[in-house]
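J.: Pasting a structure below so you can have a look.
The values are calculated or read from the model by the stated rules, or taken from the named source; none is laboratory data. Nothing here was measured: the structure is a model prediction, and the numbers come from that model. As a convention, Cβ positions derive from the backbone with ideal geometry for all residues, glycine included, and neighbour counts pool all protein chains shown.
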């Protein structure tokens with residue numbers, strides 16, 4: 001029972017903590033005058049850790065502040081065996097604190113003189129995530145048995161996924177990520193368990209996303225049944241303006257869902273039903289064989305950049321009005337006499353893709369920026385753009401090039417209009433290094449920028 005792994009179960013939000021069971025499965029050890037351990041797990045419907053008993057070989061940490069300032073390991077065989085004998089003297093009533101799974105890494109005392117042990121809920125591909133439990137009891141010489149009933153210290157997210165009937169694609173789910181978006185940090189994989197209170201406190205200096213890799217499990221989503229992915233998270237309070245998102249990598253492309261703002265409490269389970277609907281194979285979602293995305297705006301947006309094969313690819317960098325991959329060169333000719341290159345012979349999207357594909361106008365880019373929700377994905381280094389109709393588009397941070405060379409901090413997308421003789425408007429798409437800015441700007445026409453086509 002060392003870890004929780006990914007598994008299937010049904011979905012309805014419910015609260016998890018019930019009253020403790022009086023008839024827990026227990027094991028005990030020791031002689032009179034020595035501390036003895038009985039341990040069970042709090043009875044709860046659909047608990048994070050399934051079952052109400054420990055298994056042979058399980059290890060817990062036992063902490064008795066009156067006896068020592070360190071944690072003692074206890075291992076379950078037929079009985080619980082403490083690494084060190086803890087003697088209870090006559091007249092003593094000792095407090096006994098315990099946690100699971102035991103960690104050999106030394107704990108520390110906090111400012112309140114309370115002892116804490118490290119917590120790490122990073123996903124282990126082989127074993128899953130560690131499920132941290134905590135309990136306390138009392139013991140005395142007259143009754144040296146510490147009857148510890150463990151509680152769950154983490155929250156559990158159950159993500160129920162299925163493919164819509166209209167979805168197309170294989171539906172291979174390779175990973176799931178829970179991540180912070182923006183400056184505020186709510187998601188953390190590391191922290192501390194306070195042995196006096198049982199509270200898990202996240203370390204927000206650790207900005208790692210919670211990542212579950214599922215390649216080895218061959219997760220194939222279905223239209224006929226739901227797939228459930230379980231994820232343990234630190235308890236957290238998500239305000240209404242929080243930017244936390246779930247990202248599912250399906251068929252090599254991100255599918256992003258903002259996490260509902262709510263309190264995620266220890267010992268409780270929260271359900272997130274998700275139906276995946278990507279463009280159909282029929283021509284209503286394609287033009288000239290190229291996938292388009294209807295975001296509920298005035299135009300349809302291409303699923304990828306010019307020169308790219310996948311939504312996550314950067315594509316090719318062009319000068320404004322240039323038809324060849326250039327980067328930056330002051331000697332390159334450009335369209336200084338044109339105010340707008342859309343649907344002209346200087347529009348690389350129109351020239352290379354044909355039909356009604358073209359470079360977007362400033363008005364269309366502003367519509368994309370202002371009417372859609374932009375969620376940054378640190379693993380894929382780009383943004384999931386959610387339209388008013390909840391359809392999604394991925395915009396990678398594709399970088400740019402000027403006279404100083406390549407930059408992967410600033411990502412620039414050309415618009416069709418010139419600002420003046422030497423500059424043209426761009427959609428400036430920046431990453432976590434400069435506060436996730438997506439804004440209207442302009443750039444020298446001889447610089448290298450990317451293009452995301454649109455169609456009427």
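J.: Quick check on region 229-287: of everything there that is surrounded by fewer than 19 Cβ atoms within 10 Å (Cβ to Cβ), over 15 Å from the mean Cα position of the chain (by Cα) and more than 25 Å from residue 311 (Cβ to Cβ), which residue is modelled with the lowest pLDDT?
T.: Applying the filter and picking the extreme gives 241.
J.: Go through region 225-264 and give me each residue that's more than 15 Å from residue 184 (Cα to Cα) and free of Cβ contacts under 8 Å to residues at least 40 places away in the same chain.
T.: Listed by number, the residues that qualify are 257, 260, 262, 263.
J.: Quick one: is residue 60 surrounded by 13 or more Cβ atoms within 10 Å (Cβ to Cβ), assigned by TED's automatic domain parsing to the domain that holds residue 227, within 25 Å of residue 188 (Cα to Cα) and modelled with pLDDT of 90 or more?
T.: Numbers: surrounded by 13 or more Cβ atoms within 10 Å (Cβ to Cβ): yes; assigned by TED's automatic domain parsing to the domain that holds residue 227: no; within 25 Å of residue 188 (Cα to Cα): yes; modelled with pLDDT of 90 or more: yes.
When the stated conditions are applied, residue 60 does not pass them.
J.: Within region 71-84, work out how many residues are within 21 Å of residue 149 (Cα to Cα) and over 38 Å from the mean Cα position of the chain (by Cα). Show your work before the answer.
T.: Going residue by residue through region 71-84, those that are within 21 Å of residue 149 (Cα to Cα) are 71-83.
With over 38 Å from the mean Cα position of the chain (by Cα) added as a condition, the list becomes 78-79, 81-83.
Residues that pass the stated criteria total 5.
J.: Which numbered condition trips up residue 379, out of (1) more than 30 Å from residue 247 (Cα to Cα); (2) modelled with pLDDT under 80?
T.: (1)
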